[in-house]
1. Which of the peptides 376-385, 296-305, 180-189 is most tightly packed, and how do the rest follow, judged by the mean count of other Cβ atoms within 10 Å per residue?
2. Roughly how many nanometres apart are two label points built 7 Å out from the Cα toward the Cβ at residue 102 and residue 161?
3. For residue 193, what residues show an amide H to amide H distance below 5 Å, using hydrogens built from the backbone and excluding near sequence neighbours?
4. Would you mind checking which residues have amide H under 5 Å from residue 243's amide H? H placed 1.01 Å from N; only 5 or more apart, or other chain.
5. Could you sort 342-349, 361-368 so that the peptide with the highest average Cβ count within 10 Å comes first and the rest follow in order?
6. Which ³J(HN,Hα) values in Hz, rounded to whole numbers, follow from the phi angles of the range 151-160 under the Karplus curve 6.51 cos²θ - 1.76 cosθ + 1.60, where θ = phi - 60° and Gly and Pro get x?
7. With θ set to phi - 60°, apply the Karplus curve 6.51 cos²θ - 1.76 cosθ + 1.60 along the range 316-328 and write out the HN-Hα couplings as whole Hz, x wherever there is a Gly or Pro.
8. Please list 73-86, 279-292, 145-158 highest first by mean number of surrounding beta-carbon atoms within 10 Å per residue.
Amino acid sequence: MFDPLQHHGIPADRHDGHWREQDDPLTGGWPADPYLRCRVTTAAAVEIDGARRYRRMLAGVDDVDARRGAGALGEAAGRRGERLAGLLPTGRSPRQRTADDREARSRLLGWLERSEPDPPAVALAARVRRTSPAEAGGWAAMVLHEATACYLYHAFLHLETDRRLRALWELHLQMALTRLRTAGDLLRRHEGGEPRMMIGAGFADPLPMDDRRPRRGRRGRPADLVELLGEQHDRMAELFRHAVPTTRTRPEAAHATFGRLARLITAHEVIAAELAHPLMGHLDPDGHLAEHLLDEEGELNEALEDAVRADAAGRPETRIDALRRLVVGHGHDERRYELPRLRAAVPGDERRALGRAARAAEQAAGVDHEPAEVTPQELPGIADSSRDAVHAAV
């Protein structure tokens with residue numbers, strides 16, 4: 001188990017004094033390890049992304065000392081990203097480099113899905129896929145980014161077989177640990193949050209990158225309740241984009257997409273109400289967060305019924321924007337306030353068992369069935385079927 005919050009890292013004022021480990025550690029030839037390109041490409045992307053995030057975040061910080069300290073960390077991350085990118089072999093055509101990057105990305109995603117670390121790998125996988133990551137905004141997102149970097153460098157150090165590169169990954173891990181502590185301090189100071197609530201208790205040791213065991217969950221989907229709920233919000237966002245007919249979308253295709261969306265929303269709300277919110281109420285009996293989320297879901301269900309009726313009448317555009325706003329707002333509250341606490345407090349085995357119940361609810365709701373159209377009269381039955389599936393599974 002690796003807990004990045006228990007390590008201090010290299011003091012920030014010493015980060016630029018360790019360039020010798022980064023001065024072409026691969027002199028003498030590029031190793032044959034097919035996953036090395038994956039590691040180097042990923043590390044360069046993490047550093048460059050971190051520098052970009054620091055620049056964006058510091059634009060709204062008035063604290064001069066915080067701006068100076070965090071700004072220096074961001075600038076150093078940018079320089080490290082450039083040095084890492086410079087390690088990649090030269091002399092390849094643009095087409096070859098594009099193919100190399102695509103292969104590295106594919107290998108990384110496969111490894112992340114097999115490894116099953118909690119939030120960092122999920123956030124990174126979303127960035128690699130170039131979609132919106134399942135993470136909160138502000139300094140909470142910065143904490144999650146730096147936890148991602150810590151996990152990855154810990155994994156790369158753990159897996160590295162080339163002695164020339166072990167010093168490189170160790171150095172980057174120690175620097176990432178310092179950046180995580182800095183981001184955590186800024187999260188407490190400016191948003192009143194706790195880093196522990198974002199990253200949980202720690203992360204299991206990584207699997208080998210060439211491990212051939214099957215990917216987790218059904219069709220590679222998350223097996224963990226917390227991850228599954230976050231992933232469902234990502235799927236909803238994708239379905240919303242295609243649920244209204246446009247000049248490029250046929251009405252019947254949009255109608256079928258809306259049916260899948262309605263079934264997914266229904267299953268999600270049942271899963272949250274039956275599994276996630278009771279746990280949250282037990283963890284925070286005086287905070288009323290679970291009650292607040294249930295109230296939001298009551299409004300959301302009414303908006304869903306209105307949208308289903310509008311879709312059945314051939315006018316989904318009259319109601320779907322209101323539904324989208326409620327789903328996005330509710331998803332933000334779940335991701336920022338509920339899911340991190342469940343991730344930190346609920347043991348992994350229990351989260352995975354609840355994830356199996358959640359997938360049973362999805363299946364009972366017919367989320368992946370064809371055809372997936374929904375009539376207003378069917379909604380209560382879909383919710384009841386999902387609820388029964390949850391109760392049978394737990």
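1. Details: 376-385: 15.6, 296-305: 17.4, 180-189: 20.7.
Sorting 376-385, 296-305, 180-189 by mean packing, highest first, produces 180-189, 296-305, 376-385.
2. Roughly 2.7 nm, to one decimal.
3. Hits under the 5 Å cutoff: 188.
4. HN-HN under 5 Å from residue 243: empty list.
5. Details: 342-349: 16.8, 361-368: 21.8.
Per-residue Cβ counts within 10 Å, averaged per peptide and sorted highest first, yield 361-368, 342-349.
6. Coupling constants for the range 151-160: 4, 5, 5, 4, 5, 5, 5, 5, 9, 5 Hz.
7. x, 5, 6, 10, 6, 5, 5, 5, 4, 4, 5, 5, 5
8. Details: 73-86: 18.7, 279-292: 14.9, 145-158: 24.8.
Going from most to least packed, we get 145-158, 73-86, 279-292.
The numbers here are math on the coordinates, done by the rules we state, and not lab data. Source: prediction; values computed, not measured. Don't worry about glycine lacking a Cβ; one is built from the backbone with ideal geometry, like all the others, and counts go over all protein chains shown.
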